[in-house]
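*Asks:* There's a structure below that I have some questions on.
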Amino acid sequence: MCDMSDVASAQPGRNSGSGERPPEDSSESAAAGVDAGEVVAVVGAGAMGSGIAQVAALAGHETYLVDMVAGAADAAVERLVATLNRLAEKGHLSPEAAGNAAARLHTEQDVEALPPCGVVIEAIAENLGAKRALFEQLAATQSPETVLASNTSSLDIDAIAGDVPHPGRVIGLHFFNPAARMRLVEVISGARSDEAALRRGEEYVRAWGKTTVRCTSTPGFIVNRVARPFYGEAQRMVAEGIADAATIDLALRGAGFAMGPLELTDLIGQDVNLAVGTSVWEQTDRDPRYEPTQAQRDLVAAGQLGRKTGRGVFTYVDGKATDAVPDERRARELVGGPVRTDPVARTVAMLVNEAVDLVARGEASAADVDVAMQLGTNYPRGPIEWGREIGLATVAAQLAELDAAYPGGRYRPSPALTSPPNPTDSTDPIDAPEGA
Ligand SMILES: NC(=O)c1ccc[n+]([C@@H]2O[C@H](COP(=O)([O-])OP(=O)(O)OC[C@H]3O[C@@H](n4cnc5c(N)ncnc54)[C@H](O)[C@@H]3O)[C@@H](O)[C@H]2O)c1
């Protein structure tokens, strides 16, 4: 099954990069609360598991990388050691730090051979049956105090915990790709996750130089949920003939996004982007807000997956789009016009709606949503802050206009945009809509 994280990895900017360089504040001295003497295990030596192991070893932990495929963990550690050496050669690490981190990396093929660990982070294939079986094994072999974390991007934490004894120790720690470089980690609470385990998980990854946000185990968590309309609105506007893809992209770049949504889907891969969208749509009982577009399904069916196949929304030669020629005049005409044909207002209204709704359902705080979208997707502003700046009542009116133009539920405004928050609920972080 393909990976279910499609946003962060692709947006260029301060949070992404080669995947090699450790965050500036990652060091051998772990932050308060976490003892670098505690052993860390990472299960799954693929792209994510290797990156997470690199971060843990650099932070001073004896780190075990486990993979069920014979030789896979050893090969991953070999690659990691080469990466650490390269970092030292480039001056990003001292040769001593690189050598020490390399010496802290150990491998196993079976989790039953692991020593007692402070935290075990699972990064195996995105398959519920496989993850459940692994957590059963981990729960039987590690102490009830060990935090058992999944790096899943789309599966429910409670489903992964299944019937393990002490399910409170099971949480989600959702790293972004490349894990060594991306600062954001979503800390996911299942219905049975203990607060102590969540805090412990947070302490670990913060000590490794990461920024954490909290979210409940809701489809897509924060980043993969709130980002959906960034792509969906652009695809729809092209299909509606409002402007061509390059012009829509230009308008969004003009609003401060590092890449336009359509060129970004080509970079992510149309198949990966469609799989994430479909997963959120299915998990929300096919809420029309997340329904994938026919245009994207057609691209995937035709094998036009984006840069990796040389053709997606655009055509690529030597990694460069040859047919992305925006109509600058058209972009200027559209921005600031009616919301239905304004690529920026329409996209931002939908991002704000999604973000506000997530907060209103109690799945994440407003502050965390804004941090997550800025660090996880490199958006120029957090959507909640952006919505407040525009005015939540204005956003509600824009959505109502879209809802009238395209009935069916996709554009229904979140109740939190149109009704004032409960004045007795001091935890509600969304402002009362202006004039309400
Ligand atoms: N790749 C991304 O961009 C990304 C981002 C965030 C989260 N994730 C999530 O991280 C997890 C891993 O993704 P990935 O891209 O690194 O996958 P991957 O396919 O690169 O690596 C998975 C590794 O796990 C090993 N494995 C599978 N089953 C195992 C088991 N039962 N025990 C031990 N090892 C096992 C495989 O041999 C493989 O080496 C998935 O849940 C994915 O959804 C991926």
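*Asks:* Cβ neighbours within 10 Å, averaged per peptide: list 72-81, 391-400, 39-48 in order, most packed at the top.
*Replies:* 39-48, 391-400, 72-81
*Asks:* Which lysines have a Cα lying under 27 Å from the Cα of Lys320, excluding residues fewer than 8 positions away in the same chain?
*Replies:* The qualifying lysines are Lys308.
*Asks:* Can I ask one more? Report, to the nearest 10°, how far helix 228-239 tilts away from the longest principal axis of the Cα atoms in the chain, using its own Cα long axis and a range of 0 to 90°.
*Replies:* The angle comes out near 40 degrees.
*Asks:* Continuing with the same structure: Modelling each spin label as a point 7 Å along the Cα-to-Cβ direction, I'd like the Arg332/Gln137 distance in nm, to one decimal.
*Replies:* 6.2 nm
*Asks:* Oh, and also: Can you give the Rg and Dmax of the chain based on its C-alpha atoms, in angstrom?
*Replies:* 22.1, 64
*Asks:* Determine the relative contact order of the range 221-436: mean sequence separation of Cα pairs under 8 Å and six or more apart, normalised by residue count, in whole percent.
*Replies:* 21 percent
*Asks:* Mind checking which aspartates and glutamates have their C-alpha under 12 Å from Lys210, skipping anything on the same chain fewer than 8 residues away?
*Replies:* Straight-line reach from Lys210, under 12 Å: Glu24, Asp25, Glu186, Glu202.
*Asks:* Going toward the positive end of the dipole of the chain, with +1 on Lys and Arg Cβ and -1 on Asp and Glu Cβ, which of His174, Gly232, Pro144 do you reach last?
*Replies:* Gly232
*Asks:* Can you find, among Ala98, Leu65, Val40, the residue sitting farthest towards the positive end of the charge dipole of the range 40-217, where Lys and Arg contribute +1 and Asp and Glu -1 at Cβ?
*Replies:* Ala98
*Asks:* Relative contact order, percent, of the chain when contacts are C-alpha pairs under 8 Å separated by at least 6 residues?
*Replies:* Over the chain, the number comes to 15 percent.
*Asks:* Out of Thr293, Ile124, Gly336, whose Cα points farthest toward the positive end of the dipole of the chain (charges: +1 Lys, Arg; -1 Asp, Glu; placed on Cβ)?
*Replies:* With unit charges placed on the Cβ atoms, the residue in question is Gly336.
*Asks:* On to the next question. Could you work out how far apart the two model spin labels at Glu145 and Asn127 are, taking each label as a point 7 Å from the Cα in the direction of the beta carbon, and quote it in nm?
*Replies:* According to this spin-label approximation, the distance is 3.5 nm.
*Asks:* What are the residues whose amide H is under 5 Å from the amide H of Thr152, where those residues sit 5 or more places off or on another chain and H is modelled from the backbone?
*Replies:* Here Leu173 satisfy the definition.
*Asks:* Let me check against my output: what whole-number percent is the relative contact order of the range 123-269, with C-alpha pairs under 8 Å and at least 6 apart?
*Replies:* This gives 16 percent for the range 123-269.
*Asks:* To the nearest 10 degrees, how steeply does helix 245-254 sit against the main Cα axis of the chain, on a 0 to 90 scale?
*Replies:* 80 degrees
*Asks:* Sorted by packing (mean other beta-carbon atoms within 10 Å per residue), highest first, where do 257-269, 87-99 land?
*Replies:* The packing order, highest mean first, is 257-269, 87-99.
*Asks:* Additional query: Please label the shape of the range 318-417 as rounded, prolate or oblate, based on the square roots a ≥ b ≥ c of the eigenvalues of the alpha-carbon gyration tensor (a/c under 1.5 means rounded; beyond that, a/b larger than b/c means prolate, else oblate).
*Replies:* Taking the square roots of the gyration eigenvalues as a ≥ b ≥ c, the range 318-417 is oblate.
*Asks:* Further, regarding this structure: Principal axis extents for the range 125-254, Cα atoms only, whole Å, descending order, please.
*Replies:* Extents along the principal axes: 58, 31, 22 Å.
*Asks:* Summing +1 for each Lys or Arg and -1 for each Asp or Glu, what net charge is found among the other residues whose Cβ lies under 11 Å from the Cβ of Arg381?
*Replies:* Cβ neighbours under 11 Å give a net charge of -2.
*Asks:* In addition: Show me, for the range 293-306, the HN-Hα J-couplings you get by feeding each phi into the Karplus relation (A = 6.51, B = -1.76, C = 1.60, θ = phi - 60°), rounded to Hz, glycine and proline as x.
*Replies:* The phi angles translate into 8, 4, 4, 6, 4, 5, 4, 5, 4, 7, x, 8, 8, x Hz.
*Asks:* Note down the magnitude of the dipole of the chain about its Cα centre, charges +1 on Lys and Arg C-beta and -1 on Asp and Glu C-beta and zero elsewhere, to the nearest 20 debye.
*Replies:* For the chain, the charge dipole is close to 840 debye.
*Asks:* For the range 40-217, just run the numbers: alpha carbon Rg, then divide by 2.2 N^0.38 Å, N being how many residues it has.
*Replies:* Compactness ratio reported: 0.96.
*Asks:* Same structure again: Along Cα→Cβ, 7 Å out, is where each label goes; now give me the distance between the ones at Asp298 and Thr315 in nm to one decimal.
*Replies:* So the label points at Asp298 and Thr315 sit 1.7 nm apart.
*Asks:* A further question follows. To the nearest 0.05, what FRET efficiency results for Val325 and Asp74 with a Förster distance of 51 Å applied to their C-beta separation?
*Replies:* 0.55
Throughout, read-outs are computed from the coordinates displayed, never taken from laboratory work. Model, not experiment: these values are computed from the prediction. Every residue, glycine among them, receives a Cβ derived from its backbone with ideal geometry; neighbour counts consider all protein chains shown.
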